[in-house]
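One structure is given here, and the rest of the page talks about it.
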Amino acid sequence: MKLVPRNLFFVVTLVAALFAAGCSRQSGEHLVLTGSSTIAPLATVLAERFEAAHPGVKVDVQAGGSARGVADVRQGLANIGMVSRALKADEGDLVADTIAQDGIAMIVHRDNPVAALTREQIIAIYTGKLRDWKAVGGTDAPITVVNKAEGRSTLELFLSHLKLEAPAIRADVVIGDNQQGIKTVAGNPQAIGYVSIGTAEYEAGRGTPVRLLPLDGVEPSTATVAAGRFPLSRPLNLVHRGELSGIARDFVAFARSPQVNDLVTGQYFVPPAVR
Amino acid sequence: MRVEALDRAGRSDRLHGRWMGLLAMLTLLVPLLLIGELLVDGLPALGADFLLSAPTDAGLGGGIGSVLVSTLWVLAVCLGVVLPLGLGCALFLVEHVRAGSRLERALQLTLDVLGGVPSIVFGLFGNRFFAVELGLGFSILSGGLTLACMVLPLFIRAAEQSLRQCPTGYRQAAAALALSRWGFARRILLPTAAPGIALGVVLASGRALAETAVLLFTAGYVTRWPGSWFDSGRTLAVHIYDLAMNVSGGSTNAAATALVLLVLAIGIQALAVALGRISRGVSA
């Protein structure tokens, strides 16, 4: 009588073990990508289209940060790593293939007379030291500083480019996505903000009253970003180590091909110039 | 004079009552605002299609069907491990360990320490141990087992407390009737403690459903329909996080997914309460 429940427990364990053994991993080719959470959504849509074109192949995308992508490729836990920056000097053992550029543009209202801002002026505006457009050659009106919410990749890129820390920013408006940024600046002639350059160029071309500001003398456009000349941009890389297997090589080539340009722009990134 | 003082006391009591009432209303306002905001943002995207199809276009298109299934699988693995292990441990603590003994103190300390460990530490541990050392990879199994480690102390504590609330009279009556220890535990102790245990299940699954960082490292990020529990599968919380933070224009679907998660959590709560009531009814 006392032994019955114990037997029952063993039976349950046994059944569970059999079940586990029963649904073992399916064969077929399997590709694992890990790394930057900025690239992960793009990699997911690339993987979807790649899987559709290659039946039987599974591409698993795992997010966790660029550092994780590098570490996993080195340890052999992932076939391909996703790194949203250029490789560092001590990462010479890895090979990087750029699949897109992530660029951001400073935008102001179309009616704002200020033609350009220097890097120092932008820093002063975003840290609250400069509060009036008059000081940078504009009208006599207070500046509305529009900043991105914490955790956004555009915010990270913006901060690292200007070498600022997040707590140093004095923002009047905090926005979430690009569309919200465009709407905020388009509706306020005194606002300054920054959004993904693809979105900004598209909206300005469509007649939305926003204007893109040149940075360090470089014209803000997807063309200069694609060429890697625009300062506020970073490459989105797929990295690997040593020889790639057949299917992994196919995937990297696919991710760099013009047939996925729509997916890249769909995620507000810029396809690289050399394809 | 005295009557006046009493009157004043009565008046200040009434005033205090009103203040407390106002504060209570304010606390009620928080969930109302939260749900209202989610409904306004997410309801337009919600529909049968949304619940039944897999995400496309990084979550901007399609639905959350596969994500929902992965979530339920992860939860099932987690509870499947936590329930037998946690109940066993709680019964052992209540029935077989002498209060104040060294073993009891050691167990309690272990549970307290485990309960206080931040979830991200469990995530790193689960990634290292289940995904890498045991070779389970990014999979529903890794995710469920890691979550099980995380919520085990919480569940054991809840189960233990409700087991301890069983009146001593029941125990004495059972002993007088020469009922075996197991017989007592099965027929009397567990049914009387059932509502408390059900609450433990609610707490455990609530914490499991809320987790993102842990699951990002173990169950993973893949939105395909899971074919087996060795497949990687994204859970609802991870999906919400990704849509809100990494995908431009994902906020509507994030809100819709949050609504589904909310309904799921409330559903589990209702189910657990109902089960607890039924098992108590059976025993009575």
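Of the residues making up the stretch B:17-70, those that are in contact with a Gly (Cβ under 8 Å, 6 or more places away or on another chain), part of a helix (DSSP H, G or I) and surrounded by 13 or more Cβ atoms within 10 Å (Cβ to Cβ) are B:50, B:51, B:52, B:57, B:58, B:59, B:66, B:67, B:69, B:70. Among the residues making up the stretch A:175-203, those that are more than 19 Å from the chain's Cα centre (by Cα) and part of a strand (DSSP E or B) are A:191, A:192.
Could you tell me whether residue B:270 is at pLDDT 85 or above, surrounded by fewer than 22 Cβ atoms within 10 Å (Cβ to Cβ) and within 22 Å of the chain's Cα centre (by Cα)? Considered against the rule, which asks whether it is at pLDDT 85 or above, surrounded by fewer than 22 Cβ atoms within 10 Å (Cβ to Cβ) and within 22 Å of the chain's Cα centre (by Cα), residue B:270 comes out as yes. If you go through the stretch A:29-58, how many residues are of a type outside the set (D, E, K, R) and either in contact with a His (Cβ under 8 Å, 6 or more places away or on another chain) or under 28 Å from residue A:156 (Cα atoms) (or both)? Residues that pass the stated criteria total 17.
Name every residue in the stretch B:139-184 that is surrounded by fewer than 19 Cβ atoms within 10 Å (Cβ to Cβ), part of a helix (DSSP H, G or I) and within 14 Å of chain A (Cβ to nearest Cβ), in order of residue number. Hits for the stretch B:139-184 are B:181, B:182, B:183.
Being surrounded by fewer than 19 Cβ atoms within 10 Å (Cβ to Cβ), closer than 30 Å to residue B:231 by Cβ and within 14 Å of chain A (Cβ to nearest Cβ) is true of residue B:132.
Please give the number of the condition residue B:232 fails out of (1) in contact with an Asp or Glu (Cβ under 7 Å, 6 or more places away or on another chain); (2) buried (at least 24 other Cβ atoms within 10 Å of the Cβ); (3) at pLDDT below 90; (4) of a type outside the set (D, E, K, R). So the condition that residue B:232 fails would be (3). Taking the stretch B:120-138 as the range and being free of Cβ contacts under 8 Å to residues at least 60 places away in the same chain and in a helix (DSSP H, G or I) as the test, the residues that pass are B:121, B:125, B:128, B:129, B:132, B:133. Got at least one residue in the stretch B:83-101 being without any contact (Cβ under 8 Å) to a residue 60 or more places away in the chain, among the aromatic types (Phe, Trp, Tyr) and surrounded by 10 or more Cβ atoms within 10 Å (Cβ to Cβ)? Looking for residues that are without any contact (Cβ under 8 Å) to a residue 60 or more places away in the chain, among the aromatic types (Phe, Trp, Tyr) and surrounded by 10 or more Cβ atoms within 10 Å (Cβ to Cβ), one finds at least one in the stretch B:83-101, hence yes.
Scanning for something within 14 Å of chain B (Cβ to nearest Cβ) and not hydrophobic (A, V, I, L, M, F, W, C), does the stretch A:228-242 turn up at least one residue? For the stretch A:228-242, residues within 14 Å of chain B (Cβ to nearest Cβ) and not hydrophobic (A, V, I, L, M, F, W, C): absent. Among the residues that make up the stretch A:57-73, is at least one of them assigned to a loop (DSSP other than H, G, I, E, B), away from every other protein chain (no Cβ under 11 Å) and modelled with pLDDT of 90 or more? Checked against the condition, which is being assigned to a loop (DSSP other than H, G, I, E, B), away from every other protein chain (no Cβ under 11 Å) and modelled with pLDDT of 90 or more, the stretch A:57-73 yields at least one hit.
Just give me the residues in the stretch A:76-102 being under 13 Å from the mean Cα position of the chain (by Cα), more than 14 Å from every other protein chain (Cβ to nearest Cβ) and either of a type in the set (Asp, Glu) or buried (at least 24 other Cβ atoms within 10 Å of the Cβ) (or both), in sequence order. Result: A:83, A:99, A:101.
Would you be able to tell me the number of residues in the stretch A:46-70 that are aromatic (Phe, Trp, Tyr) and without any contact (Cβ under 8 Å) to a residue 12 or more places away in the chain? Within the stretch A:46-70, residues that are aromatic (Phe, Trp, Tyr) and without any contact (Cβ under 8 Å) to a residue 12 or more places away in the chain number 0.
Answer yes or no: is there a residue in the stretch A:116-138 that is part of a strand (DSSP E or B) and not acidic (Asp, Glu). No, the stretch A:116-138 contains no residue that is part of a strand (DSSP E or B) and not acidic (Asp, Glu). Residues that are of a type in the set (Ser, Thr, Tyr) and either surrounded by fewer than 24 Cβ atoms within 10 Å (Cβ to Cβ) or out of contact with any helix residue (DSSP H, G or I) (no Cβ under 9 Å at 6 or more places or on another chain) (or both) within the stretch B:206-223 comprise just one, B:212.
For the stretch A:261-275, the set of residues classified as in a helix (DSSP H, G or I) and surrounded by fewer than 21 Cβ atoms within 10 Å (Cβ to Cβ) consists of A:261, A:262, A:265, A:266, listed by residue number. The residues of the stretch A:31-46 that are outside any loop (DSSP other than H, G, I, E, B), of a type in the set (A, V, I, L, M, F, W, C) and under 10 Å from the mean Cα position of the chain (by Cα), listed by number, are A:40, A:42. With respect to the conditions (1) touching a residue at least 24 places away in the same chain (Cβ under 8 Å); (2) not assigned by TED's automatic domain parsing to the domain that holds residue B:260; (3) not aliphatic (A, V, I, L, M), residue B:16 falls short on a single one, namely (1).
Residues checked against (1) assigned by TED's automatic domain parsing to the domain that holds residue A:37; (2) buried (at least 22 other Cβ atoms within 10 Å of the Cβ); (3) of a type outside the set (A, V, I, L, M, F, W, C):
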{"residue": "A:187", "(1), (2), (3)": "no, no, yes"}
{"residue": "A:192", "(1), (2), (3)": "no, yes, no"}
{"residue": "A:197", "(1), (2), (3)": "no, yes, no"}
{"residue": "A:204", "(1), (2), (3)": "no, no, no"}
{"residue": "A:210", "(1), (2), (3)": "no, yes, no"}
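Could you check the stretch B:194-242 and list, in sequence order, the residues that are over 18 Å from the mean Cα position of the chain (by Cα) and closer than 20 Å to residue B:152 by Cβ? Listed by number, the residues that qualify are B:217, B:218, B:229.
Counting the residues of the stretch A:33-56 that are within 8 Å of another protein chain (Cβ to nearest Cβ) and β-branched (Val, Ile, Thr) gives 3.
The condition (being more than 14 Å from every other protein chain (Cβ to nearest Cβ) and polar (S, T, N, Q)) is satisfied by just one residue among B:252, B:257: B:257.
The values are calculated or read from the model by the stated rules, or taken from the named source; none is laboratory data. Since the model is a prediction, treat every value here as computed from it, not as a measurement. Heads up, the Cβs are rebuilt from the backbone with ideal geometry, glycines too, and the neighbour counts pull from every protein chain shown.
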